[in-house]
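The values are calculated or read from the model by the stated rules, or taken from the named source; none is laboratory data. All values derive from a computational prediction rather than experimental measurement. Here Cβ is always computed from backbone atoms with ideal geometry, including for glycine, and neighbour counts include all displayed protein chains.
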There are 2 protein chains.
Amino acid sequence: MLIDEAAAVAPLAAPVPEKRVRDRGATEKTILKAAKALLAEEGFQNFGINAVARRAGCDKQLIYRYYGGLNGLIEATGADLGTWVRDRIPEDTGGMFLLTYGDLIERLALLFLEALRDDPLMRRIVAWEVSENTEQVRRLAEARSKALSQWLERMRGSLAPPKGVDAVAINAILIAAIQHLVLSAAAGGQCAGLVLKTPKDWEKAATALKRIVRGVYG
Amino acid sequence: MLIDEAAAVAPLAAPVPEKRVRDRGATEKTILKAAKALLAEEGFQNFGINAVARRAGCDKQLIYRYYGGLNGLIEATGADLGTWVRDRIPEDTGGMFLLTYGDLIERLALLFLEALRDDPLMRRIVAWEVSENTEQVRRLAEARSKALSQWLERMRGSLAPPKGVDAVAINAILIAAIQHLVLSAAAGGQCAGLVLKTPKDWEKAATALKRIVRGVYG
DNA sequence: GTTGCTAATCACCGTCGGGTGACAGGGCTG
DNA sequence: CAGCCCTGTCACCCGACGGTGATTAGCAAC
């Protein structure tokens with residue numbers, strides 16, 4: 001039988017060539033998915049045309065053809081970021097009544113912390129942002145920033161920050177702290193002497209974060 | 001004359017071959033200096049044997065011989081970090097009397113912020129730390145962490161944190177915030193919607209930081 | 001001067017990266 | 001069926017990288 005013959009001739013190669021369907025749309029999706037997975041798992045160090053093509057199991061030429069190269073692919077990734085943040089961070093207030101601005105920020109901070117912890121791709125992008133300053137990264141950073149601020153805006157509702165404090169600056173510091181905490185933990189399991197491995201460790205970090213929020217916003 | 005002849009023959013090359021002295025110690029220092037400068041200016045993306053050798057103006061073989069490769073060179077860089085932090089961050093209290101733990105942390109936070117802002121190499125190392133998790137980076141991170149904690153210890157003196165608060169966690173968050181703020185600013189001139197370019201911008205960030213410190217430590 | 005040590009360089013290898021042009025093959029139209 | 005367009009693949013170029021062996025050249029002791 002032909003099948004047996006083929007199996008006997010090349011037993012080490014992929015036994016099923018998977019009969020690649022000629023479907024541009026599907027291939028495009030596969031490539032984009034591969035790019036995101038690769039970025040999430042390997043980081044931006046080894047991120048490139050060849051790596052994505054290998055991962056996607058297709059020829060790199062297709063990336064050039066369908067996305068116009070790596071830049072276009074990254075741009076497409078950025079375009080996904082908005083919908084993607086919407087998917088991963090809950091919109092509701094978890095049944096809580098957010099009476100004060102402090103309540104709101106505390107909840108948002110913890111939500112953001114958790115979301116970032118659970119999200120390798122987002123972490124990589126954040127790490128990328130602070131490591132390089134190329135056009136690619138700027139695009140990605142802008143997309144992420146926009147998605148984040150839109151989310152914050154949506155969650156804020158009608159609550160206004162207390163007078164007399166620079167809420168933009170304070171919140172930027174809080175976000176910075178959360179991002180660096182998560183990045184540092186993901187990279188080395190600790191940050192500035194604070195071990196961040198077990199859920200208990202994160203419990204402590206969350207408590208401290210809440211304390212800080214309450215300290216400034218009451 | 002021989003010199004004129006050489007100049008006539010190769011006018012485009014370095015006109016003065018610089019008469020490289022045969023001095024191993026000096027060469028080692030040159031290499032180390034080049035490595036640090038390169039890392040500070042270009043970042044870890046393009047950091048490698050060839051780049052360092054080019055920058056140092058010597059053959060890469062010497063890096064292998066004297067430092068046992070890039071790893072050894074990085075290790076040597078890490079060894080310098082301690083003395084180097086000592087050099088760049090003032091030890092005195094600037095004539096202030098630090099009466100409370102809050103006074104202390106506020107001052108340390110601002111000192112650290114300023115020192116990191118002024119220090120490209122340290123910034124690159126921090127960025128490297130959160131971007132990769134290789135043995136090299138771990139070594140470097142450890143050296144930096146040790147230097148930082150020693151400095152904190154020295155500055156702390158006899159002041160103790162208030163009871164009832166997890167000072168380690170709080171301070172880790174503060175350090176994380178400062179690091180990410182500076183990194184983000186260096187990369188893109190802003191952080192989470194907060195523009196960080198002019199001294200006035202940084203003024204606002206410092207004010208917010210002080211407010212946070214005072215909020216938790218009084 | 002001759003010899004020996006070693007600092008410094010040169011030349012080369014294999015590998016991998018980005019990028020491009022040519023080619024094979026399926027599926028649809030006439 | 002013949003033609004064509006489009007998807008997918010292959011083969012190649014160039015350059016940069018990490019790494020290594022052989023080679024040159026200066027200094028010092030004899």
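Name every residue in the range B:41-54 that is more than 14 Å from chain A (Cβ to nearest Cβ), small (Gly, Ala, Ser) and more than 6 Å from DNA strand D (Cβ to nearest atom), in order of residue number.
B:ALA53
Quick check on B:ALA169: is it more than 30 Å from A:ASN46 (Cα to Cα) and either within 7 Å of another protein chain (Cβ to nearest Cβ) or part of a loop (DSSP other than H, G, I, E, B) (or both)?
yes
Output the number of residues of the range A:55-84 satisfying the condition of being surrounded by 14 or more Cβ atoms within 10 Å (Cβ to Cβ), within 15 Å of DNA strand D (Cβ to nearest atom) and either under 15 Å from A:LYS33 (Cα atoms) or under 16 Å from the mean Cα position of the chain (by Cα) (or both).
The number of residues fulfilling the criteria is 9.
Taking B:ASN50 as the residue in question, decide whether it is at negative phi and within 16 Å of DNA strand C (Cβ to nearest atom).
Taking the combined requirement at face value, the residue satisfies it.
Does A:GLU142 count as at the interface with chain B (Cβ under 7 Å from one of its Cβ atoms), more than 21 Å from B:VAL216 (Cβ to Cβ), out of contact with any Leu (no Cβ under 9 Å at 6 or more places or on another chain) and modelled with pLDDT under 95?
Taking the combined requirement at face value, the residue does not satisfy it.
Give me the residue from the range B:140-176 that is without any contact (Cβ under 8 Å) to a residue 40 or more places away in the chain and under 22 Å from the mean Cα position of the chain (by Cα) and, out of that set, surrounded by the most Cβ atoms within 10 Å (Cβ to Cβ).
Among those that are without any contact (Cβ under 8 Å) to a residue 40 or more places away in the chain and under 22 Å from the mean Cα position of the chain (by Cα), it is B:ILE173.
Assuming A:LYS210 fulfils every condition listed in (1) more than 7 Å from chain B (Cβ to nearest Cβ); (2) under 22 Å from the mean Cα position of the chain (by Cα) apart from one, which condition is it?
Going through (1) more than 7 Å from chain B (Cβ to nearest Cβ); (2) under 22 Å from the mean Cα position of the chain (by Cα) one by one, A:LYS210 breaks only (2).
Yes or no: the range A:85-99 includes at least one residue that is free of Cβ contacts under 8 Å to residues at least 24 places away in the same chain, among the small types (Gly, Ala, Ser) and touching a Lys or Arg at 6+ places or on another chain (Cβ under 8 Å).
yes
Going by the structure shown, is B:PHE97 buried (at least 19 other Cβ atoms within 10 Å of the Cβ), away from DNA strand D (no atom under 13 Å from the Cβ) and of a type in the set (Phe, Trp, Tyr)?
No; evaluated as a whole, the condition is false for this residue.
For the range B:187-207, which positions are at the interface with chain A (Cβ under 8 Å from one of its Cβ atoms) and either polar (S, T, N, Q) or at negative phi (or both)?
B:ALA187, B:GLY188, B:CYS191, B:LEU194, B:LYS204, B:ALA205, B:THR207
With (1) of a type in the set (Ser, Thr, Tyr); (2) more than 7 Å from every other protein chain (Cβ to nearest Cβ); (3) under 21 Å from A:LEU148 (Cα atoms) as the list, and B:SER184 as the residue in question, which single condition is left unmet?
With (1) of a type in the set (Ser, Thr, Tyr); (2) more than 7 Å from every other protein chain (Cβ to nearest Cβ); (3) under 21 Å from A:LEU148 (Cα atoms) applied to B:SER184, the lone miss is (2).
Which residue pairs have Cβ atoms closer than 6 Å, lie 6 or more positions apart in sequence or on different chains, and pair a first residue in the range B:185-197 that is within 20 Å of A:GLN136 (Cβ to Cβ) with a second residue that is surrounded by fewer than 18 Cβ atoms within 10 Å (Cβ to Cβ)?
Here the result reads B:ALA187/A:ASN133; B:GLY189/B:LYS197, each pair linking the range B:185-197 to a residue that is surrounded by fewer than 18 Cβ atoms within 10 Å (Cβ to Cβ).
Give me the residue from the range B:120-137 that is among the aliphatic types (A, V, I, L, M) and assigned to a helix (DSSP H, G or I) and, out of that set, farthest from the chain's Cα centre (by Cα).
B:VAL137
How many residues does the range A:177-207 hold that are surrounded by 24 or more Cβ atoms within 10 Å (Cβ to Cβ) and among the small types (Gly, Ala, Ser)?
3
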